[in-house]
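Step one of this worksheet: look at the structure below.
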Amino acid sequence: MRRNPIILSAALVASLSFPALAEIDLSGSWQSKNHEDALERGAGPNPGDFTGIPFNDSGRAFALMNSQSQLSMPERICAFYSQWHLMVGTFGMKMWNETDSITGKTVAWVIGAWEDRAVMRIWMDGRPHPGKNAPHSQEGFTTGVWDGDVLTATTTHMLTGYLRRNGVMTSDQATMITHFIRHGDLLTLASEIVDPVYLTEPYYITRTFVNTTNLMSSGGPPCIPGDEGVPVGSVPHYLPGKNPLVDEMTNLYGIPREAAMGGAETADPAFRDKIKDKFKTPPKCQKNCGGPPAGN
Amino acid sequence: MRYRVWALILAAALPLVAQPPRGRGGRGGPPPTPEAMSPIDLTGYWVSVVDEDWRYRMVVPPAGDYMGVPMNAASKKVADAWDPAKDEASGDVCKSYGAPAILRQPEHLHFTWQDDRTLKLETDTGTQTRVFHFGDWKAPAGPPTLQGDSVAEWEITRGGRGGPAPDPNAPPQGKGSLKVTTTHFKAGYLRKNGVPYSENAQLTEYYDMIREHNGDLMLVVTIVTTDPQYLREPFIITSHFKKQAANDGWKPTPCSAKW
């Protein structure tokens, strides 16, 4: 076969003198290490631990009324796991791109579902978000753009869900914005939730996942409801001021209640000055203490 | 004939390929300095947003609370013997302010260029200084230090140099990152309650900047500590900071073993 020197040369020139698009490959299996917020992402946070959450009064009041037993209601057993669960859940991510069969261009990046979190399909083809009154779903609607080699995804139209798995909720008006930042085998997700109903300012968290050659499965459809014995017509909850677990965290860790109840100022380093004289270091960890597994 | 076509095309391409980075030194001039090459501007003041691992960072966690750290048995043995009063007595109050732990403190950061190939990072909490050396820097001989020896390099996104003129309105994310590798630091604590790292540990960090929905400029630092002596696998955490317009809240405080 004869090679056309003009075509070859043009390709050479193009590859050397013009910048390649900075989009990068995010596909693969990404393991969650859970080295930070390990309890929150694993067994679940302590009741009444709202530290660092930029609550408004409604958000705090709603969280204090919440009973985890709501998850035993058949109609709610699968609820509350919005796309934010990607950031606060325990699992890794299976990620791939879907391409246009003719052009080969990436139409969407996809993060596979877990049993309790719906698939996240990040549309890259420029389609707009649905209108304000369009139906919401657990999956929500996500679009993405590349900023250099960082993928920024914006998710709207989610149902109400957990911000933290102890009753701290997001409303269905929340918007989630996630930046996917890859450094070799590390994929850092920097995510924020903007929620005009329950938060006074954006809530930011960051997580890092590690690429693995172990094939990660992508479960779904999410969650199967079952009967866990909650009587029909009963909604487990606590009346205002009656939450019996409100001091569980403060008692365990010697943290004053004003810190445990959250608010934007609790995430500010200056807040330490406010609680310094009220904090009492507990003598010894009592539960959920971690440490090496036996034999290590 | 074929060779003539090749020669003509390559000759036409060479000036394009040989372009220096835009606006950064002319042809034949000295190579651009790390400061001039920086794809992101880290200089200025930043404040921690402490909404992760709150009770391990804002207060002192109880003895024996090791949740999340991939410790081994040797590490647990050391941590179980943690005694802050003993650290105070021996003058070792800064053990949780060393390079692998300092960006986990609730704090303000201040980045400045010490010179055009040395970036300085100061913290108010613990009053620590880290120095990031670019280029062919050789660490001086001597005993290990609290902040160790840090070598820095820019990871510049393809198209970031020699490409089209940068859009001044483009967000900082995706233009590039700072990678810092730190070794030769003194043993210390990953957490305030005595979870140890050894002098054999190595620290790798990636500094990325992102512009948020509301205009907030965030610094995201991915922190990887590898320690064959005390960790079963690399300890991987990510800290984030918000950019400040000025030095509001900057309040240098000394190290403390008990707070």
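FYI, it's all coordinate maths here, none of it is from the lab. All figures in this text were calculated on a predicted structure; none of them were measured in a lab. For neighbour counting, all protein chains shown are included, and Cβ atoms are generated from backbone atoms with ideal geometry for every residue, glycine included.
What to note about this one:
- Flag if A:VAL235 is more than 10 Å from chain B (Cβ to nearest Cβ), out of contact with any Ser or Thr (no Cβ under 7 Å at 6 or more places or on another chain) and β-branched (Val, Ile, Thr): yes
- Neighbours by Cβ (under 8 Å, 6+ apart or cross-chain): first from region A:225-241, under 22 Å from A:ALA63 (Cα atoms); second small (Gly, Ala, Ser) and surrounded by 11 or more Cβ atoms within 10 Å (Cβ to Cβ): A:VAL230/A:SER69; A:VAL230/A:SER72; A:PRO236/A:SER67; A:PRO236/A:SER69; A:PRO236/A:SER72; A:HIS237/A:SER67; A:TYR238/A:SER67; A:PRO240/A:ALA61
- Region B:112-139: number of residues that are touching a strand residue (DSSP E or B) at 6+ places or on another chain (Cβ under 9 Å), free of Cβ contacts under 8 Å to residues at least 24 places away in the same chain and either on the phi > 0 side of the Ramachandran plot or assigned to a loop (DSSP other than H, G, I, E, B) (or both): 1
- Every residue from region B:68-93 that is surrounded by 20 or more Cβ atoms within 10 Å (Cβ to Cβ) and in contact with an Asp or Glu (Cβ under 9 Å, 6 or more places away or on another chain): B:GLY68, B:PRO70, B:SER75
- Flag if A:THR178 is within 9 Å of another protein chain (Cβ to nearest Cβ) and either part of a strand (DSSP E or B) or within 17 Å of A:ALA118 (Cα to Cα) (or both): no
- Restricting attention to region A:115-126, the residues being part of a loop (DSSP other than H, G, I, E, B) and in contact with a strand residue (DSSP E or B) (Cβ under 7 Å, 6 or more places away or on another chain) number 3.
- Every listed requirement among (1) closer than 30 Å to A:LYS33 by Cβ; (2) among the charged types (D, E, K, R); (3) assigned to a loop (DSSP other than H, G, I, E, B) is met by A:ASP227 save one, (1).
- Entry remark, region A:50-81: residues being within 14 Å of another protein chain (Cβ to nearest Cβ) and touching a helix residue (DSSP H, G or I) at 6+ places or on another chain (Cβ under 7 Å) number 4 in total.
- Looking only at region A:275-287, and only at residues there that are within 30 Å of the chain's Cα centre (by Cα) and free of Cβ contacts under 8 Å to residues at least 24 places away in the same chain, the one that is surrounded by the most Cβ atoms within 10 Å (Cβ to Cβ): A:CYS285
- Flag if A:LYS287 is more than 8 Å from chain B (Cβ to nearest Cβ), of a type outside the set (Phe, Trp, Tyr), under 25 Å from A:ASN34 (Cβ atoms) and in a loop (DSSP other than H, G, I, E, B): yes
- Restricting the first member to region B:54-69 and to residues that are within 15 Å of A:LYS280 (Cβ to Cβ) and within 7 Å of chain A (Cβ to nearest Cβ), and the second to residues that are basic (Lys, Arg) and part of a loop (DSSP other than H, G, I, E, B), the beta-carbon pairs closer than 7 Å and six or more apart or on different chains are B:VAL60/B:LYS192; B:VAL60/B:LYS258; B:PRO62/A:LYS284; B:ALA63/A:LYS284.
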